[in-house]
1. Would you please give the residues with an amide H less than 5 Å from that of residue 357, counting only those at least 5 places away or on a separate chain, with H modeled from the backbone geometry?
2. At 222 nm, what value in deg cm²/dmol follows for the chain if DSSP H runs of at least 4 each add -39500 (n - 2.57) and the sum is divided by all its residues, to the nearest 500?
3. I need the shape label for segment 21-149. Rule: rounded when a/c is under 1.5, else prolate if a/b > b/c, else oblate, with a, b, c from the alpha carbon gyration tensor.
4. Using +1 on the beta carbon of Lys and Arg, -1 on that of Asp and Glu, and nothing else charged, what's the dipole of segment 311-398 about the Cα centre, debye to 20?
5. Apply the Karplus parameterisation 6.51 cos²θ - 1.76 cosθ + 1.60, with θ equal to phi minus 60°, to every residue of segment 467-476 and state each ³J(HN,Hα) to the nearest whole Hz, in sequence, with x for glycine and proline.
6. For segment 299-352, which chymotrypsin sites (Phe, Trp or Tyr not before Pro) pass both filters: DSSP loop (anything but H, G, I, E, B) and at most 14 other C-beta atoms within 10 Å?
7. So with the 1.4 Å probe, I'd like the accessible area per residue for the chain, rounded to whole Å².
8. Take the Cα pairs of segment 24-99, get the Kirkwood Rh, then feed it into Stokes-Einstein at 4 °C and 1.567 mPa s and tell me D in µm²/s.
Amino acid sequence: MKKLLTTFSLIILFSLGVQAQYYFNIYGSPGQNPGGLNTSTEYPLGGGLPAGWTSILGPSVTTPSWSANQTIPFSFNFNGNPVTQYKVSSTGVLTFTTSATSVPGATKAALPSASIPDNSVCLWGLQTIGTNDNVVTQTFGSAPNRQHWVFFTSNALGGTGWSYWSIVLEEGSDNIYIVDQRHSGTTGGVSMGIQLNSTTAYSVGANVMPLAAADPTPVDNAYYEFIQGTAPADNVELAALGLNATEVIGNPISINGTLSNKGSNAINSVIVNWTADGGTTVNRDTLSLSLNTNSSVSFTHAVAWNPTTAGQNVTIDVWTQEPNGMTDPDPSNDSLSADVFTILGNTVQKVALMEQFTTAVCQFCPDGAWVTDQIDANYQNVAVTSVHSCFGTDAMTNSEASALCSTLGIGAAPTGMVDRKLFPTETDVAFGRGFGYPNWQNSTWSTRSLSQSQLGTAVDVSVTGNYNSSNRQLTANVTASMVDYIKPGDLVTVGLMLVEDSVTGSGNGYNQVNAYNGQAGHPYAGAGNPIVGYHHKRVLRDILPGTWGDPNVIPANYALNTNYTRNFTTTLPANYDPSKMYLIGIVSYYSTTNDLSGYEVLNVEKVKMSNLVTNTSELKKDVESLTIYPNPTADVSTLKFDLSSAKNVNLEVRDITGKLLQTENFGTMVKGRQSIQLDLANLAEGFYFVNLRLDNEVITKKISVVK
């Protein structure tokens, strides 16, 4: 689904008496590349750009130059005439006049210009002058709907920084796209457009500034669509819908989105319709607008949606008709659909799962380990584990770790997953840390872990059991309870991770290769390369009953607020140190079609093995009895809870980063109903976490302070 479109002024330059042969649309924030065929990350050739690209020019082209002639891999018409070849200048010009000899200089000018060959597409002003600068090509898609991409990677723009743009030729439609992709430190723009000859051009502008930021994925890209012919007079596009993937029943839900004018006339009125699950169209609204060409506007339909049943997946279809009272000449962009899952809105506190991929042979992994040390120490509601795989193997690699890498397509370390979630800015579930020492809080691992831990979840998870030291047998129960409906996935599984902290050993399987040995100030400076006797933190030892958990615990027709428990019994190997073992109970989706978006973790619970409670029902009763009211509060709230036996009671208040703000020990409280006061008058507005410690167990609730 497209995001909001940015409004631009368009300039079309052509000689009087010459009929325009192109018109163009601007997509300021579509959230994807045109057509969605190219999802490549945007890096220099040889510096992270995925395989499949071919260099045709560069790097370090200090004098303006043409590439060799290139053959278009499919039939293509430019300005209504077939063309088969093109060439590209190091200054950002693609021309179909392959006989041209004069190369446009690095100083751009307005189009049309005598410096530009006839029949050219211009990103004039780029310079392929640096050691990372190239022009590369690749064809995406399948016939008859392919796209041929000419990608200017890391080119200079405005004399400083780096800039990524592409010119795209599309099979079938004969459309030409100019894609604005990635930039940093640029101080100028490009002269952008299509030039037919020295007197006729279709120009976006003589100094079009970049819109995309430095993100290396298509999520922040913009693009310009050049179409042969004359723009239709009255053409409205339904560009985006504003519905959420889940919506809470009981309150009216606005049907809203964005409209864009893709016609040559201003749009003064348009009809917007919607329906739920293909029902009778009774929801019709005539909007009064003042929408100029290539401008966009947000709208909210006069008729709201009022779902009354939770646990349903509903398709909302929205479409427009009759812009300015006329028949829309291009119905292909008039409609959008959104699948919405209805819920009650009930949540419990979420614990995020951060899985760091590492190996002893990975030279940059000590920095990744340091970042995860900080996440583990500072974020209370993040469970961290280190998976020894994805970059070679070591003595701590196991079959579950290898399966995570092979199934999820992970082939690098240090990388990490947060809740095995495919984030909107990623094409893989595992991603780099972004920042390492000392900026761990700005790392992608940190920000996403914190963000996920601040969410509520519909799945409550608890881990109980016991460990028999005489025979090293572990018995553990992972219990899941749905407090609300969860969006349907392929399967929902229950598993148990065995994690050991501070694992050491001797030899190449344990000695940690260290790229930071000579980096002054780094925590691992001077530690050696490799580091002998290195302590490997939070090592994933096993996942029971297998990598993806057990899909037979939670039925498809689960009941709310009902416990579903999986018992796990295993004998710890002799080389595991029970005093350093942690258990992580995990409830997650499992994709039967290997869809990377289908493995997301719903919730986890991490407990130290030595703190296991054997009486599951007793603990569950204590946990479920806790209430806090009022919530939200402006000052004082009351906590009420039941104790199934006498226990030491301690109360903590932490902020969303896990920082301890208040603590109070109430000593041993007797069995029965208890009540204590919580004074939050000194805290600022926001969300906080209340931890009620009953002996070794912790019950966490979220509370909101509203002044």
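The values are calculated or read from the model by the stated rules, or taken from the named source; none is laboratory data. All values reported here derive from a predicted model rather than from experimental measurement. Glycine gets a Cβ as well: all are built from the backbone with ideal geometry, and neighbour counts include every protein chain shown. Note: accessible area is taken over every heavy atom of the protein model, side chains too, but ligands, DNA and RNA are not part of it. Shrake-Rupley method; radii C 1.70, N 1.55, O 1.52, S 1.80 Å.
1. Counting only residues 5 or more places away or on other chains, the set is 387, 415, 416, 417.
2. Working: 4 runs with 44 residues, N = 707.
Estimated from H runs of four or more residues: -2000 deg cm²/dmol.
3. Values: a/c = 1.44, a/b = 1.08, b/c = 1.33.
It comes out rounded by the Cα gyration axes.
4. Working: 1 positive and 11 negative charges, 97 e Å.
About 460 debye.
5. Per-residue couplings from phi come out as 10, 9, 5, 6, 10, 6, 8, 9, 10, 9 Hz.
6. On the way: sites: 299, 305, 319, 341; in loops: none.
Those that pass, being in a loop and sparsely packed, number zero.
7. Working: 28060 Å² over 707 residues.
Ligands and nucleic acids excluded, the result is 40 Å² per residue.
8. Working: Rh = 15.1 Å.
Approximately 86 µm²/s, per Stokes-Einstein.
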